[in-house]
1. Test L92 against the criterion of being assigned to a strand (DSSP E or B), buried (at least 17 other Cβ atoms within 10 Å of the Cβ) and not charged (D, E, K, R), and give yes or no.
2. Filter segment 56-74 for residues that are surrounded by 12 or more Cβ atoms within 10 Å (Cβ to Cβ) and either assigned to a loop (DSSP other than H, G, I, E, B) or away from ligand 1 (no atom under 16 Å from the Cβ) (or both) and give the result.
3. Out of all the residues in segment 36-59, which are over 16 Å from N21 (Cα atoms) and either of a type in the set (A, V, I, L, M) or modelled with pLDDT under 95 (or both)?
4. Going by what's in this entry, would S156 be described as over 21 Å from R70 (Cβ atoms) and either at pLDDT 95 or above or within 16 Å of ligand 4 (Cβ to nearest atom) (or both)?
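The values are calculated or read from the model by the stated rules, or taken from the named source; none is laboratory data. Given the structure is predicted, the values throughout are model-derived calculations rather than measurements. Every residue, glycine among them, receives a Cβ derived from its backbone with ideal geometry; neighbour counts consider all protein chains shown. Please note that ligands, DNA and RNA were not included when accessible areas were found on the heavy atoms of the full protein model with its side chains. Shrake-Rupley method; radii C 1.70, N 1.55, O 1.52, S 1.80 Å.
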Amino acid sequence: MAKSMILSALALAATVSAHGNITSPPARLPGQAMVAACGQAAVDSVLRDGTLPIESVVNPAASCNLFLCRGALLEDNLDIVQTFSLGETINLTAALPIPHEGPANVSIVLAATNEILGEPLLVFDSYADERLAQLPANNTAFSVTIPGAGNGVEESCVKPGDCVLQWFWFGTGAQQTYESCVDFVIAS
Ligand SMILES: *[C@@H]1O[C@H](CO)[C@@H](O)[C@H](O)[C@H]1NC(C)=O
Ligand SMILES: *[C@@H]1O[C@H](CO)[C@@H](O)[C@H](O)[C@H]1NC(C)=O
Ligand SMILES: *[C@@H]1O[C@H](CO)[C@@H](O)[C@H](O)[C@H]1NC(C)=O
Ligand SMILES: *[C@@H]1O[C@H](CO)[C@@H](O)[C@H](O)[C@H]1NC(C)=O
Ligand SMILES: [Cu+2]
């Protein structure tokens, strides 16, 4: 490896800082399918810091859809697809090592169109406010309830990859966007 490459790798490592992601249920991680779609440099940047905002992903390829799940793909996460029931309450936990105040929500997103199904399940008008002495407990441990019958969830979220439960947060001052996705299907 050329000395300049080592130096630039060190410089990158020095600027890495953690921001936030979902820690439970297990959320999509990068893998070989994401390498194919986004490129190795993009995946390496996410592997260096799994809490990276989408704006900091390095050199994403044109085929990389960062605005859904920060480019992470079902194909790399087939072993962690969750099964939820209509009306089930799902507890989530997030890590927020570096908070940035802004709106956040947790929504069922139709992966094919990147559209929210119905309304967001949970909305924070103000999330991760770094000016607070302590973040509210609900910023890192919260729950959502999967809608009941008649809301289109059972028809829309049938097979893995149809729907994701996406945590989305935008740090207004930092101008940074965070996304973590939990793959799920509705129990039949
Ligand atoms: C969250 O970030 C941590 C720290 O980089 C990383 O180890 C973990 O794999 C990430 N998890 C997800 C689901 O992105
Ligand atoms: C979800 O969280 C609530 C409140 O902390 C707790 O009472 C409940 O047992 C949790 N459910 C599961 C399935 O862990
Ligand atoms: C909710 O999340 C979606 C991404 O899933 C985002 O496009 C939308 O702006 C968010 N809404 C609010 C009010 O934060
Ligand atoms: C989170 O907790 C704060 C402080 O208790 C409260 O003001 C806010 O309404 C809660 N937000 C949500 C989305 O539950
Ligand atoms: Cu940040």
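1. Taking the combined requirement at face value, the residue satisfies it.
2. Taking segment 56-74 first, the residues surrounded by 12 or more Cβ atoms within 10 Å (Cβ to Cβ) are 56-61, 64-74.
If the condition is that a residue be surrounded by 12 or more Cβ atoms within 10 Å (Cβ to Cβ) and either assigned to a loop (DSSP other than H, G, I, E, B) or away from ligand 1 (no atom under 16 Å from the Cβ) (or both), then V57, V58, N59, P60, A61, C64, N65, L66, F67, L68, A72, L73 are the ones that fit.
3. To start, the set of residues in segment 36-59 that are over 16 Å from N21 (Cα atoms) comprises 36-42, 44, 58-59.
Once the filter is applied, which keeps residues that are over 16 Å from N21 (Cα atoms) and either of a type in the set (A, V, I, L, M) or modelled with pLDDT under 95 (or both), segment 36-59 yields A36, A37, A41, A42, V58.
4. Values: over 21 Å from R70 (Cβ atoms): yes; either at pLDDT 95 or above or within 16 Å of ligand 4 (Cβ to nearest atom) (or both): yes.
Yes.
Residues checked against (1) at negative phi; (2) of a type in the set (S, T, Y); (3) without any contact (Cβ under 8 Å) to a residue 60 or more places away in the chain; (4) open to solvent by 50 Å² or more (accessible area, probe 1.4 Å):
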site	(1), (2), (3), (4)
V109	yes, no, no, no
F124	yes, no, yes, no
A133	yes, no, yes, yes
I146	yes, no, no, no
